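Take a look at the structure below.
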Amino acid sequence: MDTIKRDPSHKAWERQRHWKRQTMPTYQEVVHIARSFPTTQESALFAITYLTGGRISEIMPKKALYKRVYKKHPETGKILKNKQGSPIIASTDQVEHGYSGIKKRDLYEDTIGGRDGREVHVLVISIENRKNKEDKRKTCPCPIEKESELMNIVREYLSMVAFEDVLFPFSEGKARRIINKVGFNPHYLRDIRATHLVWNYQFTEYALIQFMGWTDGRPAKRYVRKDWRKIGMHY
């Protein structure tokens, strides 16, 4: 699998654009990468970030949020952009948040109804939903049997911490650096998970909206559209 090494000259979104030009990693490749970290905690961070499809800020402790105000054209009201095409920030306000990050108690095993009336044993992971004003948390049920390799990593780490412990008691920046060790960034893991939910579980647009915590179907449409496996339905 082709990755791009972490380097000061490679900014996060430059690496993101690079990966989007590559073949999407398979689930088994994700498992292999998760096992490659030197510690169980780092492997669990990678696995949980993938399994939830969460933003890294929804998993890690967050003492404050930052509200940005963008410069707008005085007549049209459109947001102004710089030469690189990025919105120009007029000011940034810091708002106290006090999110502890994901704790062991935010993960539990349960049984839910699956296809054809059968029951599915799942690991339920609850995290903050950062950009949805109505649903402040999102609940991600992950099938234990089908994703047993990653579940074993998560279970091993959970056995090492207490019920009320924060799973990853360090900064968001450190979490990014850990995931960068394997040439990924957290947002690319989110992209991979959304793609796998469509490829491997035939998630509909609505199911993807629920799982990822989006407010509408616009982000989901591109994942549903790019499921090339559906072509086989016509053969």
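Tabulated values for the structure
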{"item": "Matching residues, the range 169-183, being within 15 Å of the chain's Cα centre (by Cα) and closer than 12 Å to Ile56 by Cα", "result": "Glu172, Ala175, Arg176, Ile178, Ile179"}
{"item": "Residue count, the range 181-198 (criterion: assigned to a helix (DSSP H, G or I) and in contact (Cβ under 8 Å) with a residue 60 or more places away in the chain)", "result": "12"}
{"item": "Residue satisfying all of: in the range 90-128; surrounded by fewer than 11 Cβ atoms within 10 Å (Cβ to Cβ) and small (Gly, Ala, Ser); farthest from Val69 (Cα to Cα) among these", "result": "Gly117"}
{"item": "Residue match in the range 213-235 (condition: at pLDDT 75 or above, hydrophobic (A, V, I, L, M, F, W, C) and part of a helix (DSSP H, G or I))", "result": "no"}
{"item": "Qualifying residue in the range 139-147 (condition: under 17 Å from the mean Cα position of the chain (by Cα), farther than 22 Å from Ser43 by Cβ and at pLDDT below 95)", "result": "yes"}
{"item": "Considering residues of the range 198-210 that are buried (at least 21 other Cβ atoms within 10 Å of the Cβ) and not β-branched (Val, Ile, Thr) only, the residue nearest to Arg222 (Cα to Cα)", "result": "Leu208"}
{"item": "Residue in the range 142-152 that is within 16 Å of Thr215 (Cα to Cα), part of a strand (DSSP E or B) and in contact with a strand residue (DSSP E or B) (Cβ under 7 Å, 6 or more places away or on another chain) present", "result": "no"}
{"item": "Pair list, Cβ < 8 Å and 6+ apart or interchain, from the range 163-180 residues that are of a type in the set (Asp, Glu) to residues that are surrounded by 13 or more Cβ atoms within 10 Å (Cβ to Cβ) and in a helix (DSSP H, G or I)", "result": "Glu164/Lys104; Asp165/Lys104; Glu172/Ile56; Glu172/Ser57"}
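The values are calculated or read from the model by the stated rules, or taken from the named source; none is laboratory data. Note that the coordinates shown come from a computational prediction; the quantities given were computed from them, not determined experimentally. Every residue, glycine as well, gets a Cβ built from its backbone with ideal geometry; the counts of neighbours run over all protein chains shown.
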